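Worksheet for the structure shown next.
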Amino acid sequence: MEKNQLKDYKINIKLKLSLLWTSVTLFYLYGDYFELYVPKKVEGLISGDNLLNNPLNLFIAAILLGIPAIMVLISILAKPIINKWLNIITGLFFTVIMLLIAYMSISEWRFFYVCYAIIESILTAIIAWNAINWPKQSSNI
């Protein structure tokens, strides 16, 4: 081994998944924040002329944004088999959702949102991929 070579540590799968979900959650928050700068957005929020203008839509949005945030915790605390399947299912679900949102958001003022949605889709696909390839326990017989 070379004298000045930096040591690399293998990251535990649970920690890796939790960190990926943290990243996804931050991108969701940043995307929603930057959307406030889109012309007419704030006026629509004040007047109630937006997608979240009724209690049901607001509740659905809260659930959708809450799932990635709770996956940060679940990825650390859940047992491996439950953890694996929850990460595969939610990872694939959010990959599809964000790709659809990216497609529906294509416009001059929402190019940032499309970029974020693509990044979010890549991250959630990586989450699903990591969960699918969850390391197996070695048997020391």
Within-14-Å neighbourhood charge of residue 101 [Cβ basis; K, R +1; D, E -1] = -2
At 0.36 nm per residue, minus the direct Cα-Cα distance, what do residue 109 and residue 85 gain on full extension? Give it in nm, one decimal, please.
-> 5.0 nm
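Of the peptides 107-116, 124-133, how do they stack up when ordered by the mean number of other Cβ atoms within 10 Å, highest first?
124-133, 107-116
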Mind ranking 3-10, 91-98, 39-46 by how tightly packed they are, going by the mean number of other C-beta atoms within 10 angstrom, highest first?
-> 91-98, 39-46, 3-10
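Round to the nearest 0.05 the FRET efficiency obtained for residue 122 and residue 60 when R0 = 25 Å and r is the Cβ-Cβ distance.
E between residue 122 and residue 60, to the nearest 0.05, is 0.55.
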Among the DSSP H helices of the chain, those whose Cα atoms extend at least 20 Å along the helix axis and whose mean Kyte-Doolittle hydropathy is 1.6 or higher are 55-77, 80-104, 111-132
Pick the calculated Rg/Rh (Cα atoms, Kirkwood Rh) for this structure from (i) 1.16; (ii) 1.10; (iii) 1.00?
-> (ii)
With +1 at each Lys and Arg Cβ and -1 at each Asp and Glu Cβ, the charge dipole magnitude of the chain around its Cα centre, to the nearest 20 debye, comes out at 740 debye
So for the chain, taking the charge dipole from beta-carbon charges (+1 Lys/Arg, -1 Asp/Glu), which of 46, 72, 112 sits furthest toward the positive end?
-> 72
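With every protein chain present, what is the per residue accessible area of the range 9-65 (1.4 Å probe, Å²)? Write out the running numbers ahead of the final one.
Values: 4100 Å² over 57 residues.
Heavy-atom SASA per residue in the range 9-65 reads 72 Å².
The values are calculated or read from the model by the stated rules, or taken from the named source; none is laboratory data. Source: prediction; values computed, not measured. Methodologically, a virtual Cβ is constructed for each residue, glycine included, from the backbone with ideal geometry; neighbour enumeration extends over all protein chains shown. Areas reflect the complete protein model, heavy atoms only, side chains present, ligands, DNA and RNA absent. Shrake-Rupley method; radii C 1.70, N 1.55, O 1.52, S 1.80 Å.
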